1. Would you confirm, using the coordinates I've provided, whether ALA84 is aliphatic (A, V, I, L, M), assigned to a helix (DSSP H, G or I) and free of Cβ contacts under 8 Å to residues at least 60 places away in the same chain?
2. List pairs: first in the stretch 154-171 and closer than 21 Å to LYS137 by Cα, second buried (at least 17 other Cβ atoms within 10 Å of the Cβ) and hydroxyl-bearing (Ser, Thr, Tyr), Cβ under 9 Å, 6+ apart or cross-chain?
3. Tell me which of these ASP68 doesn't satisfy, since it passes every other one: (1) out of contact with any Ser or Thr (no Cβ under 6 Å at 6 or more places or on another chain); (2) surrounded by 12 or more Cβ atoms within 10 Å (Cβ to Cβ).
4. Only one of LEU116, LEU112 is farther than 28 Å from GLN52 by Cβ and not in a loop (DSSP other than H, G, I, E, B). Can you tell me which?
5. Scan the stretch 17-37 and give yes if some residue there is surrounded by 14 or more Cβ atoms within 10 Å (Cβ to Cβ), free of Cβ contacts under 8 Å to residues at least 12 places away in the same chain and part of a helix (DSSP H, G or I), otherwise no.
6. Answer yes or no: is there a residue in the stretch 172-187 that is more than 24 Å from ALA25 (Cβ to Cβ) and among the charged types (D, E, K, R).
7. Restricting attention to the stretch 149-193, which residues are over 14 Å from the mean Cα position of the chain (by Cα) and of a type in the set (S, T, N, Q)?
Amino acid sequence: MMQQSFQSIYERLYDYYGPQNWWPADTPFEMMIGSILVQNTNWRNVDKALSQLRPHLKPELIHEMPVDELAQIIRSSGYFNIKAKRIKAFMNWFKLYNDDVGEIKKKDKKQLRYELLKINGIGRETADVILLYAFDKAIFVVDAYARRIFYRIGFDMPAAYDGFRMEVEKELPNDLELFNEYHALLVQHGKNHCKSSPLCNGCPLNAICEQRLT
């Protein structure tokens, strides 16, 4: 029953919004930096920061850049001093793999996730986004949109991040494209219909939603 429900949510969103072709970045490296910049802000602010950073957006240049200079370039993303330190911490890890995404992709998903979570400032959501969109590992990303949408539909999901993630993953096929699209579709739906104040009229999930709004 639940498998049909999770699958049904995905199919309804996909039919309504179409493929999202995420992550919005030109390279895996840009994607990873963007995933740190987007913490506690919206993508509009990240886009501004990336525009400023783009001339320097090569691993060797970020390695060489002083942290205070990096902080000023990414200022529009908010919490820029903290995020600059987090990017530098991530870069120290990335250097262990010779800044080679292809080399990292060969690693086991669980081991990679363990390593990412040890990096200062990389939490579960950021780690999973990087695993999914930079390293091609099938994993479900739990964000505020997923929590809101699934709750309103009628699911009583675990409060713990990994409990939530695993409950979804165990009921769906281990399909990279599906998880890639699923996260992007939930974000799109959260922005378009399932907002803090929802727009239920015309919602593609209306027929299966309990509309729990408290």
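1. Details: aliphatic (A, V, I, L, M): yes; assigned to a helix (DSSP H, G or I): yes; free of Cβ contacts under 8 Å to residues at least 60 places away in the same chain: yes.
When the stated conditions are applied, ALA84 passes them.
2. Between residues of the stretch 154-171 that are closer than 21 Å to LYS137 by Cα and residues that are buried (at least 17 other Cβ atoms within 10 Å of the Cβ) and hydroxyl-bearing (Ser, Thr, Tyr), the close pairs are VAL168/TYR182.
3. (2)
4. Details: LEU116 fails: farther than 28 Å from GLN52 by Cβ.
Step by step, each of LEU116, LEU112 is checked, and only LEU112 is farther than 28 Å from GLN52 by Cβ and not in a loop (DSSP other than H, G, I, E, B).
5. no
6. Scanning the stretch 172-187, I find no residue that is more than 24 Å from ALA25 (Cβ to Cβ) and among the charged types (D, E, K, R), so the answer is no.
7. ASN174, ASN192 - these are the residues of the stretch 149-193 that are over 14 Å from the mean Cα position of the chain (by Cα) and of a type in the set (S, T, N, Q).
Values quoted throughout were computed directly from the atomic coordinates according to the rules given, and no laboratory measurement underlies them. These figures come from a predicted structure and were not determined experimentally. With ideal geometry, Cβ positions are generated from the backbone for all residues, glycine too; neighbour counts draw on all protein chains shown.
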